[in-house]
2 protein chains.
Amino acid sequence: MKRGNRYGTHRVIAPAGSLPQPAQKISNDITIYDNEILIDVDYLNIDSASFTQLKEEAGGDLEKIKNKIMDIVQERGKMQNPVTGSGGMLIGKVEAIGEALKDKIDLNIGDKIATLVSLSLTPLKIERILNINTDIDRVEIKGKAILFESGIYTKLPEDMKDTLALAGLDVAGAPAQVMKLVKPENTVLILGATGKSGLMCSCMAKKMAGKNGFIIGQARNERRAKFLEGTGFCNKVIIADVQNPLNILEETLKVNSGKEVDISINCLSIPNVEMSCILPVKDGGTVYFFSMATSFTKAALGAEGVGKDVTMIIGNGYTKNHAQITLDLLRESKILREILNEKYT
Amino acid sequence: MKRGNRYGTHRVIAPAGSLPQPAQKISNDITIYDNEILIDVDYLNIDSASFTQLKEEAGGDLEKIKNKIMDIVQERGKMQNPVTGSGGMLIGKVEAIGEALKDKIDLNIGDKIATLVSLSLTPLKIERILNINTDIDRVEIKGKAILFESGIYTKLPEDMKDTLALAGLDVAGAPAQVMKLVKPENTVLILGATGKSGLMCSCMAKKMAGKNGFIIGQARNERRAKFLEGTGFCNKVIIADVQNPLNILEETLKVNSGKEVDISINCLSIPNVEMSCILPVKDGGTVYFFSMATSFTKAALGAEGVGKDVTMIIGNGYTKNHAQITLDLLRESKILREILNEKYT
C-alpha cells in the first residue's frame, strides 16, 4: 500500500494543489492508502441546507432526488452539493484500516462510527440508494467511503439511539467550545437560545458558569420564551429582536443589573445580527460566532465602529473530544435528551 | 443641550433602529448634543478601497471626484462610499465639547486629533473641498464633523509628521492586537509580511516573542523577501504561494524544524487564503485574521475539514490604547519609520 497525504490531497483530481474540500473532483477509488480507513456506509445524513436545495430542485420527487445524488457523487467523487457547497455526515461500519494507522487508533473492523468531517471532502462511492427519509434528511445507501488520516470520527454509543446521537453530533462543536470558553461566575448571553445548538450551548454554559454564573437566553417571541424557561437552562429569558441591536442591549441590561455580559454566543441562523452580538458584551469580553450566516467584515468593522474592545471568535466545528463532550451532555441532561428525541428521532 | 445615544443612534434618519454605520442616512446638523464633540476638519483620509473606486468611476478626473464626494456627503450625512461601504479617517481641531463630556475626556478646544472610528459612521458637513492628493488618498476640506460619546480618537503627536502618524494609525488595530496576542517564546507566522500591516505586525511580534521567539515572514517573491530580510523583523523569511496551503505548510515546516507554529497572522489583502493560515498552526494555537477579504464560512468549515483545534479570531480594528501602542512602535523602530516615511509622507 502507498502512503497518502494526511489531508487527502493525494486524491484530489482537480484543481491541482487544492485540498479535498474546495476541490471540484476527488478520487473515490475504494483501494485504500496506507493511512486511510474504508467504511461500509449505512446512511448519509445530508446537511440541511443541501437537502432543502435538492428537494426544491426536484420538486419533492424522490426519484429525481435519488438521481441527482447519484449524479453528484459520480461527478465529484463526494457528496458535495454544487449549489450550497455543503455536505453532511455519514454512518457506517469500519471495513478496513490502513497498515500505518492500525496501531495508532482505537478502531476495530466492524465498529460502527459516524464521521465528523464533512461529506463535502469525503471520498464516496454509491452502489445503490435504498431509501430516502425526507423528514430527517437521511439517505440509506449501499456504498463505501474513505477517511483520511486527518479525518475525525466517533464510535456510536450503545446507550442511545443512533438518531439521537447524530442530532447532537451534528452541532458537536458548539457545546464543546462553550465548555472551554465559559468560566465559573461568567455572565453569558445566548442569542437564538431556543434552536438545537442554542439549547445545547445554554445547557453547557449553565453547567460551566456554575451557581454564581448567570445565563441569559434570547427568544424571539412569548411562545418560544416559555419553552426555553421550561428547560431551566437559563437564569433569565429575554424576548428581543435580534435585528435591532439596541433592543437586544436594553433587554440584556434590564435583566443583568445594568451591566454588559462577559460572553455572547451567536446560535442564530440569520444574517445581519453581528451588532446584536457585539453591543451587549463588556470591554475585554468575548463574542463567539457559531452562525454560518456571520459576516466577517460586518463583525470586524462593527466592533471598531462602536469602539468595543472584544475578542471575536469564528466558531470552529472541531475541537478536541467534541463528540465525547456532546454525547456526555446528552447523557447528563434528561431535558435536552427529551427535546432532541422528540424532534429528531 | 440634549443628551444623545452613546452610539449615535439619535442621529440616524433611515432606516429606523439602525446604528450609524449600517444606516443609509444620518443627520450632519452641526449643533452638538450634550455628549458629542464638534471637529473643525482639516482633511479626510479616504479609505484605500473607497478612493480607488471613486478614481475609477471618475476616470481620474479630479473635478468629478470632488463632485462625487460632495454628493455622497450631501445624501448620506457621512462620507461612506455606497459601492465599497467603507469610509476612512479624518484629521481636525476640536471646536466644541458637549457639557456631559467636558470633565471626562483629556481633550481641550483647539487640540489637533485624528478620529479612529470610520468616516462611514461619522456625521460630516463639507462646505468646500480645497484640494485632493490622489497619491495618498487625502482630501483637504473646509467642514465640520461630529464624534459620538463612543467615538474614539487620538491627539496627533508633536514628534512626527501628521502623515507618518496617519499611515500608522490607519492600521493601528493590527500591531496593538499582536502585542496582546504574542507571548515570549512564541513561534509566529506572518502571511503578507511585506505590506504595511504585515511589517508592523512582524516588528511587534518580534518584540513580544523576545529572543527565544521565532518570527517567520512570508513574501511572494525573491525581491520582496530580500526587502523583508533587510528589516530584521523576521527570524526567517519564506517565499511561498498563499493560494497553495500545502506549499505554505511545507515552507513553514522547513524553517521551523518540522514543527507547526503557535500563531499565524493574516495580513494579506486577497481572498481564499484561509487554509494557508490554518494549516501551519498547531493544535491549541491561534489564527488571527486581519484581512477584510477573509471568509467566515471558509475559515469555519476549513478548520473543521482538516480537524484543526485552533482558535480563530476576527481582527478587531479597535483595542484599548491601540493608537498609543502604534505610535510608540513607530518611535521605537527607526527602520519601520523610514519605510513608512518613504511610502506615505
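The values are calculated or read from the model by the stated rules, or taken from the named source; none is laboratory data. Note that this is a predicted model, so its numbers are computed, not measured. In this analysis, Cβ positions are derived from the backbone assuming ideal geometry, glycine residues included, and neighbour counts consider all displayed protein chains.
Checking B:Thr326, B:Thr319 one by one, the residue that is among the β-branched types (Val, Ile, Thr), away from chain A (no Cβ under 12 Å) and crowded, with 21+ Cβ neighbours inside 10 Å is B:Thr326 and no other. For region B:4-43, the set of residues classified as within 11 Å of chain A (Cβ to nearest Cβ) and among the basic types (Lys, Arg) consists of B:Arg6 only. The set of residues in region A:46-65 being in contact with a Gly (Cβ under 7 Å, 6 or more places away or on another chain), not in a helix (DSSP H, G or I) and not aliphatic (A, V, I, L, M) consists of A:Asp47 alone.
Listed by first and then second residue, the pairs linking a residue in region A:310-337 that is under 30 Å from B:Phe290 (Cβ atoms) to a residue that is aromatic (Phe, Trp, Tyr) and crowded, with 22+ Cβ neighbours inside 10 Å, with Cβ atoms under 7 Å apart and 6 or more places separating them unless they lie on different chains, are A:Met312/A:Phe289; A:Ile313/A:Tyr288; A:Ile313/A:Phe289; A:Ile314/A:Phe289; A:Ile314/B:Phe296; A:Gly315/A:Tyr288; A:Gly315/A:Phe289; A:Gly315/A:Phe290. Of the residues making up region A:313-339, just one is farther than 12 Å from A:Gly173 by Cβ and touching a Lys or Arg at 6+ places or on another chain (Cβ under 7 Å), namely A:Leu330.
Per the conditions (1) in contact (Cβ under 8 Å) with a residue 40 or more places away in the chain; (2) outside any strand (DSSP E or B), the sole criterion not satisfied by A:Ile216 is (2). Among the residues of region B:114-129, write down those that are in contact with a Gly (Cβ under 6 Å, 6 or more places away or on another chain), in a strand (DSSP E or B) and of a type in the set (A, V, I, L, M). Once the filter is applied, which keeps residues that are in contact with a Gly (Cβ under 6 Å, 6 or more places away or on another chain), in a strand (DSSP E or B) and of a type in the set (A, V, I, L, M), region B:114-129 yields only B:Ile126.
Does any residue of region A:266-279 turn out to be of a type in the set (A, V, I, L, M), within 26 Å of B:Phe290 (Cα to Cα), within 13 Å of chain B (Cβ to nearest Cβ) and not in a helix (DSSP H, G or I)?
So far as region A:266-279 goes, yes, one or more of its residues are of a type in the set (A, V, I, L, M), within 26 Å of B:Phe290 (Cα to Cα), within 13 Å of chain B (Cβ to nearest Cβ) and not in a helix (DSSP H, G or I).
Does B:Ala193 fit the bill of being farther than 17 Å from B:Ser276 by Cα and among the aliphatic types (A, V, I, L, M)? Give the steps one after another, and end with the answer.
Details: farther than 17 Å from B:Ser276 by Cα: no; among the aliphatic types (A, V, I, L, M): yes.
No; evaluated as a whole, the condition is false for this residue.
Can you say whether A:Val287 is farther than 22 Å from A:Lys180 by Cβ and of a type in the set (Val, Ile, Thr), as far as the supplied structure shows? Walk me through how you get there before you give the answer.
On the way: farther than 22 Å from A:Lys180 by Cβ: no; of a type in the set (Val, Ile, Thr): yes.
No, not satisfied.
The strands (runs of 3 or more DSSP E) falling completely within region A:130-202 that include 1 or more residues that are within 14 Å of the chain's Cα centre (by Cα) map to A:153-155.
The condition of being closer than 21 Å to A:Lys206 by Cβ and either more than 7 Å from every other protein chain (Cβ to nearest Cβ) or at pLDDT 90 or above (or both) holds for only one of A:Gly307, A:Gly285, A:Gly258, that being A:Gly285.
Could you say whether any residue in region B:221-232 is modelled with pLDDT under 95 and hydroxyl-bearing (Ser, Thr, Tyr)?
As a first pass, look at region B:221-232 and keep what is modelled with pLDDT under 95: none.
No; the residues of region B:221-232 include none that is modelled with pLDDT under 95 and hydroxyl-bearing (Ser, Thr, Tyr).
Scanning region B:241-261 for residues that are surrounded by 22 or more Cβ atoms within 10 Å (Cβ to Cβ) and either polar (S, T, N, Q) or in contact with a strand residue (DSSP E or B) (Cβ under 9 Å, 6 or more places away or on another chain) (or both) turns up B:Ile248, B:Thr252, B:Val261.
Among the residues of region B:280-306, which ones are assigned to a helix (DSSP H, G or I) and of a type in the set (A, V, I, L, M, F, W, C)? Please lay out each step first, then the result.
To start, the set of residues in region B:280-306 that are assigned to a helix (DSSP H, G or I) comprises B:296-305.
Selection gives B:Phe296, B:Ala299, B:Ala300, B:Leu301, B:Ala303.
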